[in-house]
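Undergrad: Have a look at the structure that comes next, please.
The values are calculated or read from the model by the stated rules, or taken from the named source; none is laboratory data. What you see is a predicted model; the values in this text were computed from it and never measured. No Cβ is skipped: glycine too gets one built from the backbone with ideal geometry, and neighbour counts run over all protein chains shown.
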């Protein structure tokens with residue numbers, strides 16, 4: 001899917017992480033990519049994160065999946081909402097919704113959550129700590145936006161919902177199929193289905209907190225530290241008051257910490273590895289049969305396209321010259337020359353038709369073999385040339 005009427009530069013300059021934006025049906029041709037029954041089926045599967053949210057008599061209820069197959073038939077007349085996370089991992093048409101938003105770096109993309117709601121259904125007034133594009137898929141939804149919120153904003157905690165104690169409405173729109181609402185981090189919002197069969201696609205973006213970065217990076221660095229790397233003060237002199245921690249000691253102590261975490265190359269390698277870990281690492285996508293170099297060359301010669309696994313995360317960090325470090329699903333691959341060219345291509349496109357000349361290079365073929373056998377890429381004959 002592509003946009004035909006959307007000014008990326010204007011959006012990034014005036015709206016991204018600044019203020020909400022209503023985008024009326026910018027698609028070349030909007031088509032809802034997943035049907036309600038298919039979404040309900042996903043919510044019944046093991047390994048798929050889902051929630052069923054209802055409200056009756058002023059109280060919210062939350063039920064976590066996997067749901068029983070007959071659960072929806074027993075919902076009754078009260079409004080309810082089904083939320084299913086990471087549907088892009090399971091439905092190619094939903095994964096395709098991410099492509100128009102690639103003006104935001106891939107490492108920032110989280111997943112596409114899909115919601116289905118009956119008339120009046122919603123999840124209450126709340127705010128998120130990340131950017132989100134809310135795409136109306138089926139039916140209509142009334143969105144109300146409000147004040148900017150932060151950690152000091154009073155909340156009402158019901159079940160595991162974090163709802164606003166006060167919601168000051170500033171804007172209100174009804175979205176039709178194909179319409180998009182962009183909501184920056186911290187902006188209060190509340191979406192309510194207008195009629196039945198209301199489906200909304202939430203393209204969410206990750207934004208690691210400072211505390212997360214410090215905690216995770218330091219934990220990573222500590223694993224390689226040795227016990228005998230300790231504070232030393234061979235130039236110690238007697239001081240007037242033995243109870244003082246003097247400036248020289250503090251400077252040494254802080255330098256020990258800063259030297260340990262201040263290596264840009266070490267941070268880049270850690271972050272690329274950490275950030276590229278799969279959202280659900282417990283899921284195993286490795287193929288039943290591994291592939292060999294000669295198989296890769298044969299498939300490429302036949303024009304079969306190489307496809308990234310929608311559940312996989314690809315990113316790279318440029319090194320000196322033409323070299324890059326490719327990060328895929330929590331693994332780092334140091335690449336140069338032809339392998340580096342391939343790594344850049346893999347990060348730029350979900351589906352890649354490879355140049356057979358490139359397959360004459362052992363390093364490039366070896367990279368594909370490794371990624372295929374890890375379940376990060378596959379060859380899909382349907383993406384090759386059609387008769």
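Undergrad: Need a quick list: strands (runs of 3 or more DSSP E) entirely within region 274-387 having at least 1 residues that are surrounded by fewer than 20 Cβ atoms within 10 Å (Cβ to Cβ) and not assigned by TED's automatic domain parsing to the domain that holds residue 107.
TA: It comes to 305-308, 314-318, 331-335, 377-380.
Undergrad: If residue 93 meets every condition in (1) in contact (Cβ under 8 Å) with a residue 60 or more places away in the chain; (2) touching a strand residue (DSSP E or B) at 6+ places or on another chain (Cβ under 9 Å) apart from one, which number is that one?
TA: Residue 93 satisfies every listed condition except (2).
Yes/no per residue for (1) within 24 Å of residue 89 (Cα to Cα); (2) more than 21 Å from the chain's Cα centre (by Cα):
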site	(1), (2)
241	no, yes
269	no, no
304	yes, yes
324	no, yes
329	yes, no
341	no, yes
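Undergrad: Do you know which residues across region 120-161 are in contact (Cβ under 8 Å) with a residue 12 or more places away in the chain, surrounded by fewer than 21 Cβ atoms within 10 Å (Cβ to Cβ), on the phi < 0 side of the Ramachandran plot and not in a strand (DSSP E or B)?
TA: 123, 128, 129, 130, 150, 153, 154, 160
Undergrad: Oh, and also: Which of the residues that make up region 44-62 are in contact (Cβ under 8 Å) with a residue 12 or more places away in the chain and surrounded by fewer than 16 Cβ atoms within 10 Å (Cβ to Cβ)?
TA: 45, 46, 47, 56, 59, 61, 62 - these are the residues of region 44-62 that are in contact (Cβ under 8 Å) with a residue 12 or more places away in the chain and surrounded by fewer than 16 Cβ atoms within 10 Å (Cβ to Cβ).
Undergrad: Right, here's the next one. Evaluate the following for residue 164: is it modelled with pLDDT of 95 or more, crowded, with 21+ Cβ neighbours inside 10 Å and not assigned by TED's automatic domain parsing to the domain that holds residue 327?
TA: no
Undergrad: I need the full set of residues from region 27-78 which are in contact with a strand residue (DSSP E or B) (Cβ under 8 Å, 6 or more places away or on another chain), closer than 25 Å to residue 311 by Cα and in a loop (DSSP other than H, G, I, E, B), in order please.
TA: If the condition is that a residue be in contact with a strand residue (DSSP E or B) (Cβ under 8 Å, 6 or more places away or on another chain), closer than 25 Å to residue 311 by Cα and in a loop (DSSP other than H, G, I, E, B), then 32, 33, 34, 48, 49, 65, 66, 67 are the ones that fit.
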